[in-house]
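To start, the structure under review is shown below, and the notes come after it.
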Amino acid sequence: MIKAVRGTRDILPPASAVWNYVEAVAHEVFRTYNYGEIRTPIFESTELFARGVGEETDIVSNEMYTWVDRDDASLTLRPENTASVIRAAIEHRLDQIPGLKKLFYIGPMFRRERPQKGRYRQFSQIGAEVVGSESPIVDAEVLEMVIELLTRCGVEEPHLIINSVGCPKCRPAFIAKLRERLQEVKGTMCDDCQRRAGTNPLRVLDCKVPADQPIVDSLPSILDNLCPECSTHFATVRELLDVRGITYEIRPRLVRGLDYYTRTTFEVVHGALGAQNSVLGGGRYDGLAESLGSRVAMPGIGFSIGEDRLVMTIEEKLDATARNRLDLFIVPMGDEAVKHSAVLARDLRRAGVVVEVSTDRKVKRAMELANKLNARYALLLGDNEIAAGVYALKDMGAAEQKNLTRDELFAALSVGVRG
């Protein structure tokens, strides 16, 4: 038997209903914040990610799905989408459009990492990017939207962690100081940290090995080495979060895993995910467009939500019937009832009612199926009901039955849909 490739999975009903719910909430939140959807290809030139994400990152060096196409071009399944969005912004000259460019996306990404709880080799991200401003006002609004989106999805008490990683003006001096300190201690750290100490010292701060944490905590702090502009920028972001009543934790070791971040970086964590508790991450990337070949500055900030992990945090809280709700199960009794049911079901569906029509002529078995499907109502339809123009509607929860006219039936079910 052929099975799904390791690190991938099938999402079936009723679980897929939770995904639809999350994505519907995301679409609504993005709409109210004036974001438009962007859809980029799922594979790009490998150079895009090497230049945008960083050749020394774990993603580029170890985790990408890359192949050589027939024309000898190196192509890669997208491991993240920020670089693709900025590539599209440059290619289509979005800098010529006035105002902020506020874009969101929902779709699959690919990384060949070790599968674990909530992490897959094909995974889905919900993300957004705001291009066209360096203002801390934009940062604070993005963070507000992040909390709003997660809260509306049903995440209880999302914990926001923020930091500033400086800019090209102040970060080189900090990295030099960090590299000097690492030369003294790297010999006692994990193999990855020993390698990163020479190639990408900032990534040492992102080490997750428990034994290395006391050393990581003793390393210099970026917040003590910010230039005046970055320090003021970060202070304004915090002030605007305070005004909104958004609680947060400042964590000086938060650097994220990608090279393009500048100034504001952030994560949201949630205890329901255990040790791998990050559900969202992002930050500012003011120089990314220029590194990808843009002739004009296109500063930006964005985030991505691991949709697989977000679904894990809320799926148990969503009522099973709400996840895959069936409003009405019609049980036709007789040939004429089958025809009548087909038209009735069509008209009810046009009114927004979720309807299933039984194909089993045995009433007892049909009603048992209605129970198993968690139908809110069942409708028994025979020749007598058709002739009288009256429908016997049974409330499956209350075990009560009412005889209703067609108009009364539509009114009753429409109220249920709105409720």
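The values are calculated or read from the model by the stated rules, or taken from the named source; none is laboratory data. This structure is a prediction, so every number in the text was calculated from the model and none was measured. Glycine also receives a Cβ, built like all others from the backbone with ideal geometry; neighbour counts cover every protein chain displayed. Please note that ligands, DNA and RNA were not included when accessible areas were found on the heavy atoms of the full protein model with its side chains. Shrake-Rupley method; radii C 1.70, N 1.55, O 1.52, S 1.80 Å.
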Problem - Only Lys, Arg (+1) and Asp, Glu (-1) charged, at Cβ; region 293-374 dipole about Cα centre in debye - result: 140
Handout entry: Square roots of five times the Cα gyration tensor eigenvalues for region 197-253, Å
Key = 27, 15, 8
Fill in the blank from the handout: Counting sequence-distant residues (5 or more places) and residues on other chains, those with an amide H built under 5 Å from that of residue 227 are 167, 170
Practice task
Divide by every residue of the chain the summed helix terms, -39500 (n - 2.57) for each DSSP H run of at least 4, and state the resulting mean residue ellipticity at 222 nm, rounded to the nearest 500 deg cm²/dmol.
Solution key: -11500 deg cm²/dmol
Completion exercise
Sorted on mean Cβ neighbours within 10 Å (highest first), peptides 223-235, 146-158, 91-103 come out as 146-158, 223-235, 91-103
Handout entry: Whether region 148-187 is rounded, prolate or oblate, judged on the alpha carbon gyration tensor where a/c under 1.5 counts as rounded
Key = oblate
Exercise for the section: Would you mind checking the tilt of helix 82-91 against the longest principal axis of the Cα atoms of the chain, expressed as 0 to 90 degrees and rounded to 10? Expected result: 80
Exercise for the section: Determine ³J(HN,Hα), in whole Hz, for all residues of region 369-376 in sequence, where each value follows from phi through the Karplus function 6.51 cos²θ - 1.76 cosθ + 1.60 and θ = phi - 60°; x replaces Gly and Pro. Expected result: 5, 4, 5, 5, 7, 6, 5, 6
Exercise for the section: Please give the length that would be gained between residue 119 and residue 71 if that part of the chain were fully extended, namely 0.36 nm times their separation in residues minus their C-alpha to C-alpha distance (nm, one decimal). Expected result: 14.0 nm
Problem - Under Karplus coefficients 6.51, -1.76 and 1.60, residue-wise ³J(HN,Hα) of region 33-50 in Hz, glycine/proline x - result: 9, 6, 9, x, 7, 10, 10, 9, x, 7, 10, 9, 4, 4, 4, 4, 7, 4
Exercise for the section: Using the charge dipole of the chain (Lys, Arg: +1 at Cβ; Asp, Glu: -1 at Cβ; taken about the Cα centre), state which of 165, 401, 219 has its Cα farthest towards the positive end. Expected result: 401
Handout entry: Percent RCO, i.e. relative contact order, over the chain, from Cα pairs under 8 Å lying at least 6 residues apart
Key = 16
Problem - Answer label, with Rg and Dmax of the Cα atoms in Å calculated from the coordinates and candidates (1) 27.0, 91; (2) 22.0, 74; (3) 21.9, 63 - result: (1)
Practice task
Normalising by the residue count of region 286-419, find the relative contact order in percent from Cα pairs under 8 Å and 6+ residues apart.
Solution key: 21
Practice task
Over region 365-419, calculate the relative contact order: mean separation of alpha carbon pairs under 8 Å at least 6 apart, over the residue count, as a percent.
Solution key: 24
Handout entry: Carbon plus sulfur fraction of accessible area for the chain, probe 1.4 Å, in percent
Key = 50
Problem - Kirkwood hydrodynamic radius of region 279-362, Cα pairs, Å - result: 18.0
Completion exercise
For region 332-419, the dipole about the Cα centre with charges only on Cβ (Lys and Arg +1, Asp and Glu -1), to the nearest 20 debye, works out at 300
Completion exercise
Applying the gyration tensor rule to the Cα atoms of region 169-214 (axes a ≥ b ≥ c; rounded if a/c under 1.5, else prolate if a/b exceeds b/c, else oblate), the class is prolate
